[in-house]
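Reviewing the structure listed below.
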Amino acid sequence: MEKLTGQAIIVTGGASGIGKETALKLTARGAAVVIADFNEEGANQVVTEIEATGGKAASYKVDVANGDEIKALIDWTVEKFGTFNGIFNNAGIGLVKPFLEMDPETYHKVIDVDQHSVYYGLYYGAKKMVELGVKGTIVNTASIYGSLAAVGSFNYNAAKAAVVMMSKSAALELAEHNIRVVGVAPGFIDTPIIGDDVETKKFLAEQHMRGELIQPEKIASVVSFLFSEDASAINGQTLPVDDGFLSFKIK
Ligand code: NAI
């Protein structure tokens, strides 16, 4: 696959799961990656792992729900690597509660981390790319739950549906600046966010065509492709990477 040498790409939520695996793939293709996460220790470990393979990476502690911090992260990336070509707006959380217990605090927490963070990454990211005059790519993590309602997930459903439309809307206005915006909508991925209850994991696994949870490397492969010129005709869309989850109701 095409090399990404000379590019600097930020991966939010890069300390774990999908973000970590994507950072490994991007650096293996030559990009310098900033592992941006509020888990500083985890982010540092990923940097060590990448450096051990000869890749280029740095960690940065950030709360993605804070726009000023995202702006500072992007400025820092330019100082550190001399350029800025992409951001994977991926950090996210889930707080499951029945709708009648979906109090404002629980609602806003997920909207702040899963939705507003994507706006900050798009807004400050695109402004910086335009300022630098670089061609850029922004990839946003949505979810199958951006198009499918799930019990207890009102906040998460709302945030991820917004991510799908923000990717389209921003792509429309940024194309003339040589900035591509795309989304990825994972099925259930074997990462810490889904918890470690064996029965729940078995149930979730069965909702996929192959009856297995998807490994985070599979999402990372698609995201790494989306950052490349090979994907230059994909713009504004959110790609399901769900092993068929959205394609059937009863197996
Ligand atoms: P994960 O829990 O392994 O990784 C999430 C990372 O985000 C962690 O390193 C965490 O420290 C970081 N993070 C959380 N809140 C943050 C904040 N406010 N500021 C900075 N960093 C923060 O989970 P996973 O699965 O890798 O999740 C990545 C994305 O994929 C999320 O947006 C999630 O909603 C989405 N997703 C995950 C699915 C799954 O089944 N695992 C399915 C569909 C979407």
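A few notes on this one:
- If you sort L172, L73, L148 by accessible surface, 1.4 Å probe, largest first, the order is L172, L148, L73.
- Max mean-square fluctuation residue, GNM over the chain, Cα-Cα springs under 10 Å, options K168, K25, K80: K80
- Remark: the stretch 154-251 carries a charge dipole of roughly 300 debye about the Cα centre, counting +1 on each Lys and Arg Cβ and -1 on each Asp and Glu Cβ.
- Among A52, A150, A170: highest mean-square fluctuation, GNM of the chain, C-alpha pairs under 10 Å: A52
- For the stretch 58-69, putting each phi into the Karplus relation 6.51 cos²θ - 1.76 cosθ + 1.60 with θ = phi - 60° gives couplings of 9, 10, 8, 7, 8, 9, 5, 6, 10, x, 4, 5 Hz, in residue order, rounded to whole numbers and with x for Gly and Pro.
- Cβ-based net charge around G236, under 13 Å, with every Lys or Arg adding one and every Asp or Glu removing one: +1
- Counted charge near L73, where neighbours are those whose Cβ lies closer than 12 Å (Asp, Glu -1; Lys, Arg +1): -2
- Summed over qualifying helices (DSSP H, 4 residues or more, each -39500 (n - 2.57)) and divided by its residue number, the chain shows a 222 nm mean residue ellipticity of -13000 deg cm²/dmol.
- In the chain, the ratio of gyration radius to Kirkwood radius, Rg to Rh, stands at 0.95 when only Cα atoms are counted.
- Given charges at Cβ of Lys, Arg, Asp, Glu: the stretch 44-122 dipole, positive-most of G67, M102, G86: G86
- Annotation: per residue accessible area for the chain equals 48 Å², rounded to a whole number [probe 1.4 Å, protein chains only].
- Rolling a 1.4 angstrom probe over the stretch 8-239 with all protein chains present gives an accessible area of which 53% lies on carbon and sulfur atoms.
- Using a probe of 1.4 Å on the protein chains alone, the accessible area found for H116 is around 70 Å².
- Our estimate of slack between K135 and S147, defined as 0.36 nm per intervening residue step minus the Cα-Cα distance, is 1.3 nm.
- Charge dipole magnitude, Cβ of K and R +1, D and E -1 - the stretch 8-239, Cα centre, debye nearest 20: 640 debye
- Taking Cα centre as origin and charging only the Cβ of basic (Lys, Arg, +1) and acidic (Asp, Glu, -1) residues, the dipole magnitude of the stretch 3-61 rounds to 300 debye.
- Comparing T191, T137, T27 in a Gaussian network model of the chain (Cα springs below 10 Å), the most mobile by mean-square fluctuation is T191.
The values are calculated or read from the model by the stated rules, or taken from the named source; none is laboratory data. Note that the structure is a prediction, hence the values are computed from the model and not measured. A quick note on method: Cβ atoms are made from the backbone with ideal geometry, for glycine too, and the neighbour counts reach across all protein chains shown. Quick note on the areas: whole protein, heavy atoms, side chains included, nothing else; ligands and nucleic acids left out. Shrake-Rupley method; radii C 1.70, N 1.55, O 1.52, S 1.80 Å.
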